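The values are calculated or read from the model by the stated rules, or taken from the named source; none is laboratory data. These figures come from a predicted structure and were not determined experimentally. So basically every Cβ, Gly included, is an ideal-geometry build from the backbone, and we count neighbours across all protein chains shown.
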């Protein structure tokens, strides 16, 4: 008899908790921030935590969002996929509304399945693996950093749209970085259908002479040469092209966008295009936030700080616009409402990548790289 | 059949071949006299290029900016002197003590010298790539054909041809050449008839290093960049060319280099440049199977 009463009481208590849980959750907006906060990769995760804390503190000081305070929930995954699933499960069970993270692509992928099942949106400041958004598997995933293949797609788009190339030659130095860039660029050009890839080849890094490949470039009548690799080979190609008076527009990745290239290629560098990360320091919010960080912590903010700050701002803005934390409304808000952040004015495209974030095309003018407008 | 393209590739191949030949000549000469594969030859080539870069830098800083051939000649002469000193010293330190050691010992010593020189330059200069000025001016008379052969290409071709003839004359018709041949045939016997073998071998190394330095200056001014590692690839390609033509044989080195350069260029032009080195070394294997002594090499009977 007594046993039953106790059982009833426990059951009643449980029911009560279950009922009261959503009521409690409604009082605050629960913002999760997950990433490596300990271990080898902590330097990539801690700046995100700092950024989220700064945004949350500022918003709470102003009275919160729609009258509700923001509560920060921190999860450490050490960039390990197996820990990331634990962190995600814990955050979901504690009623998280939206997550900033994770940081590493592998850990992010592992956690995303759990968030997807619970209908929780995650915004990563740093997971650059292209399929995370482009694969379409995770509609709940957004990011404020450009995916790895964006650079190559930008180069491809620039070649076909701005330079009106019809025939594109793609060369690479057979290394991971150069070939990766070249492969993505080739794919993008072929998919775009505006130009043909007339030549796709690897060159021997360190070789003394590239005349054969340059003659071939000339024979194929390529308008644009997209090159994946680093500056020594790029300078050699350019110098030999100029000697043979073969004028083909040259586009390289951020591996050539630097002083090393300008120094070695000299006058051959003039007019060369290169893609490179966008300059975010020009945005007013960026400078202000970085100053505030320095004043508070006494050091420069670390890696992915800008992106994490932007992700947090975008997440909370979406909550404000959506008027709550409903999954569909939040998704709609993220995709439609533009917001001023540390990486510029952003909103997200249908796949979840931030628009207006990432890479820009630069051209060498008078011996220096200048952004092409 | 696109004959213009074929012709362009042929020109490119000949130029590339003459680049290899210029380095291979010194390589093969040293082997011809003392049967030592001087792996440090590529590094002497690199040192020559660095010295020339430093000299042009000093000349530019001191306001001497006559853009004609005088800078090239001055830089080349000083590079040659430096390289000769390096070659002489190298022989004294790394090879002379091993003269009577088993044949493998000087070979290993040569590899060691090569690694040492590469790292030495990397430490005292820089591991980065440096821009190398175009020391060979654009000749006006080359303008109509510059699409096929540029001025610097022409200079390399001419220097290669002259070097080949000069070396042949030196070895066949001069006193020191006679002494070199005698040393090559039998060191003990040469000594007995009054030849200063040590001096002959030093001279061989000095001539080899001079050629390497000239190659270094000309080729660096063509590629427009140098770093401490350029000697390695140059050495490998020159060695391949020398073996292809029959190591120790001077016209053979030029022929081997031309075959190598043309094969690489045609392979890259008609198939894919990704496999350039595959064509080069595949050809080497093929020729060594058919003619183990190389194209112009004489099969030497091993004395037992």
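If you check residue A:325 against the conditions, is it buried (at least 18 other Cβ atoms within 10 Å of the Cβ) and part of a helix (DSSP H, G or I)?
Spelling it out, it is not the case that residue A:325 is buried (at least 18 other Cβ atoms within 10 Å of the Cβ) and part of a helix (DSSP H, G or I).
Of all the residues that make up segment A:230-241, how many are modelled with pLDDT under 90 and more than 10 Å from chain B (Cβ to nearest Cβ)?
Residues meeting the conditions: 0.
Would you check if there is a residue in segment A:242-257 being assigned to a helix (DSSP H, G or I), surrounded by 24 or more Cβ atoms within 10 Å (Cβ to Cβ) and touching a residue at least 24 places away in the same chain (Cβ under 8 Å)?
No; the residues of segment A:242-257 include none that is assigned to a helix (DSSP H, G or I), surrounded by 24 or more Cβ atoms within 10 Å (Cβ to Cβ) and touching a residue at least 24 places away in the same chain (Cβ under 8 Å).
Considering each residue of segment A:269-304, count those that are under 25 Å from residue A:255 (Cβ atoms) and surrounded by 23 or more Cβ atoms within 10 Å (Cβ to Cβ), and give that number.
Summing the residues that are under 25 Å from residue A:255 (Cβ atoms) and surrounded by 23 or more Cβ atoms within 10 Å (Cβ to Cβ) in segment A:269-304 gives 6.
Restricting to segment A:328-368, and then to whatever is assigned to a helix (DSSP H, G or I) and touching a strand residue (DSSP E or B) at 6+ places or on another chain (Cβ under 7 Å), can you tell me which residue is surrounded by the most Cβ atoms within 10 Å (Cβ to Cβ)?
A:334
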